[in-house]
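**Q** Mind having a look at this structure? Questions to follow.
The values are calculated or read from the model by the stated rules, or taken from the named source; none is laboratory data. For clarity, every value in this text was computed on a predicted model and none was experimentally measured. We place every Cβ from the backbone using ideal geometry, glycine too, and count neighbours over all the protein chains shown. Quick note on the areas: whole protein, heavy atoms, side chains included, nothing else; ligands and nucleic acids left out. Shrake-Rupley method; radii C 1.70, N 1.55, O 1.52, S 1.80 Å.
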Amino acid sequence: MAAAEAAVVSSSPLETDTALVPETAGTAAATAATSSATAAVAAVAAAARTGSEARVSKAALATKLLSLSGVFAVHKPKGPTSAELLNRLKEKLLAEAGMPSPEWTKRKKQTLKIGHGGTLDSAARGVLVVGIGRGTKMLTSMLSGSKRYIAIGELGKATDTLDSTGKVTEEKPYDKITQEDIEGILQKFTGNIMQVPPLYSALKKDGQRLSTLMKRGEVVEAKPARPVTVYSLSLQKFQPPFFTLDVECGGGFYIRSLVSDIGKELSSCANVLELTRTKQGPFTLEEHALPEDKWTIDDIAQSLERCSSLLPAELALKKSKPEESNEQVLSCEYITLSETKGEDDVIKTS
């Protein structure tokens, strides 16, 4: 019996060991499967939360975008027209806010207004003042306000567009022109003067821009001279055939016409080689103009806050209350204001 008990005792550990091996493996497999399933469920839940959070975030951004109101400035590079740049800005803001999205299409319509207050030629760069929301109503004040430019003119060549983008129409000698000659005639172009606008311009004839008619090859008569104001005009550098001007002027003034007229006054001809708007109203290129990598809803909101203190008290806007994002649908109203009053173009997109 003792031997049998001993056999049982001695054999129990062996039986227990061999029985536990398959049982432990099965349990581990089951546990692993359970853990995988749990992990999968957790992953799905996390993804759902992330998606939900993303939708909430987009909705918050959409609300913030629709509530933006005021005037700020962006940095326009050479190449695009002012209208093309404004479209690019609008598209970036809409993409950031995830708008318009399909789930919004059956809800109440809400309008986003955005526009610029003073066209810059496609070949020019610099400050472009932008109004958003109720700020678009303030843009006419930007049109009539002062602007400052740095212009590099080239003596000896005239073009049909009065700048380097056009076809050369005339060439004249310039070798006898001195710095003193240029400085001596600048006073004639300072103060309240009369100026003939360029044929290639945003001015209109029968509802169409003169530049559009010119590109079609149609015969276009120059607009009559009109009164404009030049507050200051100085020669910064003269390295023949190039001369650099610093100009501060009022609304409706064309730097291209100025440079062309200076060339004629010097018994030669000239066109604009480079043009930079360094200031428009209170907005300067260095301090206020947002580069493209700052065209975000948050950056623009901050810029609107900073720039509000630059505007006259009568133009200051009260902060508008944010719209409820789940009650709105975005349609875009894109407003472009021309260089002079009474020549506004309104383009609507949705």
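**Q** Out of the residues in segment 96-106 meeting the condition of being in a helix (DSSP H, G or I) and modelled with pLDDT under 80, tell me which one is surrounded by the fewest Cβ atoms within 10 Å (Cβ to Cβ).
**A** Result: 102.
**Q** Now a separate question. Restricting to segment 231-277, name every residue that is open to solvent by 40 Å² or more (accessible area, probe 1.4 Å), in contact (Cβ under 8 Å) with a residue 60 or more places away in the chain and either of a type in the set (Ser, Thr, Tyr) or under 20 Å from residue 126 (Cβ atoms) (or both).
**A** Selection gives 231, 236, 242, 248, 267, 273, 274.
**Q** Quick check on my filter: what residues within segment 110-119 are at pLDDT 90 or above and crowded, with 23+ Cβ neighbours inside 10 Å?
**A** If the condition is that a residue be at pLDDT 90 or above and crowded, with 23+ Cβ neighbours inside 10 Å, then 115, 116 are the ones that fit.
**Q** Give 254, 200, 231 a once-over and let me know the one that is at pLDDT below 95 and touching a Gly at 6+ places or on another chain (Cβ under 8 Å).
**A** 200
The rows are residues; the columns are (1) aromatic (Phe, Trp, Tyr); (2) more than 21 Å from residue 261 (Cα to Cα); (3) at pLDDT below 95.
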| position | (1), (2), (3) |
| --- | --- |
| 108 | no, yes, yes |
| 125 | no, yes, no |
| 130 | no, yes, no |
| 141 | no, yes, yes |
| 150 | no, no, no |
| 163 | no, no, yes |
| 167 | no, no, yes |
| 171 | no, no, no |
| 175 | no, no, no |
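**Q** Now for a different question. Under 7 Å between Cβ atoms, which residue pairs at least 6 apart in sequence (or on different chains) link something in segment 55-83 that is open to solvent by 30 Å² or more (accessible area, probe 1.4 Å) with a partner that is among the charged types (D, E, K, R) and not in a helix (DSSP H, G or I)?
**A** Listed by first residue and then by second, the contacts come to 77/125; 78/125.
**Q** Oh, and also: Test residue 165 against the criterion of being more than 21 Å from residue 292 (Cβ to Cβ) and part of a loop (DSSP other than H, G, I, E, B), and give yes or no.
**A** yes
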